[in-house]
Structure formats: structure tokens, C-alpha cells
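These notes concern the structure reproduced below.
The values are calculated or read from the model by the stated rules, or taken from the named source; none is laboratory data. All values derive from a computational prediction rather than experimental measurement. As a convention, Cβ positions derive from the backbone with ideal geometry for all residues, glycine included, and neighbour counts pool all protein chains shown.
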Amino acid sequence: MQDFILILLFGVSAAWLAKRFGQPTAVAQVLVGLIIGPPLLGWVAPGEELQLVGQLGVVLLLGMAGLHLGSGQLAREGWTGLWVALLGMLFCLAGGYGFAVWWGSPLEEAVYIGATLTATSVGISVQVLHQLGLIDQRVGRIVIAAAVIDDVLALYLLAIAHGVLSEGLEPTRLAGSMLLAAGVLAAIFVTCRWLARRSEARLFGLQYPVSLLAVVITIIAFGWLTETLGYSLVVGGFFAGLGLGEGMKKVHRQRLVKQLEGLVMLLVPFFFVIVGSRAEWGVLADPGMPVLVVGLLVIAILGKIAGGLIGAWRAGQFWTPLLVGVSMSPRGEVALVIAGLGFAQGHISHHVLVALILMTIGAALLGPLLMALLARSLSN
């Protein structure tokens, strides 16, 4: 009970402070885990029960993200956003995988490293673009579309990795797993969209706790389904939320997101705080760690910049595609989710978990700084 109260208290407080200073809440909660967990103070040593609470929190977080986005935003900038997302993912995945193999990681770990580098933080990018007054300009629209597609594809990649790594990486199995994952996730999306359209009027005619409970049960149920099928639980939750959001009117979708936020705020700290508490930070003394951390950070940022430069080359002169690429470089919740799940499943080591956490923190801090500097240069 003491662990529960401490994680809740410090996790929620860290999220509040992070929001107040414009920083990603997930990064703040991971740092709290480092401080109050075994690596430093040793106040908490979370067991399986609290890890289960954290898993529920993160599946609802991803479900809420899908619900908030809806698929309409994916098509707002059409092919430009798609190309920026695809190329940025490809460069980061290939670069991360190749670097990890060079560093000495086994195949499974290298796959997870590459996958973790692919996901942009939609929240950080949108927040900074809004502060810079670019959110309604073409740069902002392209970045939002690309970042949304980016997260969808990153979670699809996680589903493939989760399903395949337990059974080997033979080409035939990989191709089959990609097709099966696409079919399963498409079925979840279509089913949830149909459910939302059929029951929307009835659902929102009910009292607030009942409608929220129905959505929570739906997201968790489809998360459990994908976990049972050998994919990640968060992937099912995200695509369930995406389908529900697509099947609802905007006003209902926004209302549900607001209702979910409170529940997610209470549950999700258990995931990110536990990720920070389980990392063996003593590995930073290893002579090879600086090379790993800096290498991953450089690939994470340059891969997205290259994707923006090539994918958005028609969007304007050189500086506009460059700003698109830089705006895709921040990392946040999805990267930490992939890293945390990879570690929990035994696919990545303590060294790599710590390096990926530091990469995420570095990209979350450097990305907005580079965006502001570039935007300021363009305005002069």
C-alpha cells in the first residue's frame, strides 16, 4: 500500500510540474522512478500488482490518444505527411538497427532499439508549434499529420516485433506476421468504428460514469485481445480508441477524452515510474555507454530531419522541409512505452533501457530548442 501511495503522489505531482513548465510528463515520471526507486532512495520496490496497474494505465493512455486523434487527421495533409512519416521512420529504424548491431546488440534487441527511435511525440511537437504560432500554417499541418501517422506505424511495428521475436525472424514468418497484424488491427478499427456509430446516441444518453465505463471496457478488452493473439496490449488499445474516435461526432469524442484524462492521470504514473525504478542506472559507468547514448540520440534526430527534408521537399524552400524534419525529432510517451515493454519482455538489456530513456529525454529537450532556433532564424 505504501508503494501505491508514493507512486501515485510523486507521479501525479511530477506530471503537474512538467505540464506547468511545458515538459513531457512521461519523462518527468521516469525521472521520479529513478529517484524514489531502488537506483537512488529505494522508497519503492513495485511488485506485480502495481505493474498490472501500470499496464492498465498505459493501454488507456494509448486508447485515449487514438480516441483524440480519430483517423480524419491522418489525411489532412495527404501524401506529404505520409512521406515525411514513412521516410523518417525508415531512416530511424534502419539507422538504429544498424548502429545497435555494430554496438554488439543481439538481433532482438536491435529490432526494439530501431522501433523505439521511430516514434515522434505528437504532444511535444504540437505544443511547441502552437507556441511558435505555426500550428495553423502548412508546416504545422504537415507535422501533425506526419506525427499521427508516425505513431500509428510505430505501434504497428511494435505489434510485428512483439509477435515475431518470440518465434524467430525468418522472412516467411515476418511477412506472414506483418499481414496478420495488419488484418487484426484493421478488424479492431472497423469493429470499434461500427460499435461507436451504432451505439453513440444511446451511449451519450446515459449518465457520465456509464458511458466512460463502456469506453474503458472496450479499450481494455481489445488490448487484452491483441495481447492474447501474441501482439502488444497497447496496440489493441490504441486502434480501439482510433476506431471509436472515427465513429463518433467530434463533440462526443472530445467529451470522452476529457473524461478519460482524469483516470489516465491516476493510472499511467505506475507505468512510467516503474520503468524508471527498474532501470539499473549504475550501467552509466560502463565505458561504452556514452557512445551508445550519443549515437542513438544523433540517429533519432538526424533520421527525422532527413525524413522531413526529403518527404516535404515540395512544401516550400529548403528551410520549410528542414523545420518539418526538426519538428518531428522530439520523443516522448510512445518511445518510452516501446522501451519499457521491450525490457519487461526480456528483449532489451538494462544498458539499452537506460540508453533509450536518456535518448528520449535528450530528444524531448533538444527537439523544441532546435524548433525555436530555426523558427526564429526564419522570421528574421
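Okay, residues lined up against (1) under 24 Å from ALA145 (Cα atoms); (2) out of contact with any helix residue (DSSP H, G or I) (no Cβ under 7 Å at 6 or more places or on another chain); (3) at pLDDT 85 or above:
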{"residue": "GLN2", "(1), (2), (3)": "no, yes, no"}
{"residue": "GLY70", "(1), (2), (3)": "yes, no, no"}
{"residue": "VAL101", "(1), (2), (3)": "no, no, yes"}
{"residue": "PRO106", "(1), (2), (3)": "no, yes, yes"}
{"residue": "VAL111", "(1), (2), (3)": "no, no, yes"}
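Which condition number does ILE338 fail, the rest of (1) touching a Gly at 6+ places or on another chain (Cβ under 9 Å); (2) crowded, with 24+ Cβ neighbours inside 10 Å; (3) under 28 Å from MET64 (Cβ atoms) being met?
The number of the failed condition is (1).
Can you confirm whether VAL275 is part of a helix (DSSP H, G or I), of a type outside the set (S, T, N, Q), farther than 21 Å from VAL148 by Cβ and in contact (Cβ under 8 Å) with a residue 60 or more places away in the chain? Give the derivation first.
Numbers: part of a helix (DSSP H, G or I): yes; of a type outside the set (S, T, N, Q): yes; farther than 21 Å from VAL148 by Cβ: yes; in contact (Cβ under 8 Å) with a residue 60 or more places away in the chain: yes.
Criteria met by VAL275.
Look through LEU323, LEU292 and report the one residue that is crowded, with 20+ Cβ neighbours inside 10 Å, part of a helix (DSSP H, G or I) and in contact with a Phe, Trp or Tyr (Cβ under 7 Å, 6 or more places away or on another chain).
Details: LEU323 fails: in contact with a Phe, Trp or Tyr (Cβ under 7 Å, 6 or more places away or on another chain).
That would be LEU292, the only listed residue that is crowded, with 20+ Cβ neighbours inside 10 Å, part of a helix (DSSP H, G or I) and in contact with a Phe, Trp or Tyr (Cβ under 7 Å, 6 or more places away or on another chain).
Tell me, please, whether a residue that is touching a residue at least 40 places away in the same chain (Cβ under 8 Å), among the hydroxyl-bearing types (Ser, Thr, Tyr), buried (at least 24 other Cβ atoms within 10 Å of the Cβ) and over 22 Å from ILE310 (Cβ atoms) can be found in region 346-368.
Looking through region 346-368, at least one residue is touching a residue at least 40 places away in the same chain (Cβ under 8 Å), among the hydroxyl-bearing types (Ser, Thr, Tyr), buried (at least 24 other Cβ atoms within 10 Å of the Cβ) and over 22 Å from ILE310 (Cβ atoms).
Yes or no: TRP79 surrounded by fewer than 18 Cβ atoms within 10 Å (Cβ to Cβ), in a helix (DSSP H, G or I), modelled with pLDDT under 80 and more than 18 Å from the chain's Cα centre (by Cα)?
Details: surrounded by fewer than 18 Cβ atoms within 10 Å (Cβ to Cβ): yes; in a helix (DSSP H, G or I): yes; modelled with pLDDT under 80: yes; more than 18 Å from the chain's Cα centre (by Cα): yes.
In short, yes.
Return the total of residues in region 116-132 being under 17 Å from LEU336 (Cα atoms), at pLDDT below 90 and hydrophobic (A, V, I, L, M, F, W, C).
Counting residues in region 116-132 that are under 17 Å from LEU336 (Cα atoms), at pLDDT below 90 and hydrophobic (A, V, I, L, M, F, W, C) gives 3.
Taking the condition of being within 20 Å of ALA94 (Cα to Cα) and at pLDDT below 75, how many residues in region 156-171 meet it? Lay out the reasoning, then the answer.
Taking region 156-171 first, the residues within 20 Å of ALA94 (Cα to Cα) are 156-165, 168-171.
Now restrict to residues that are at pLDDT below 75: 159-165, 168-171.
Adding up the residues that qualify gives 11.
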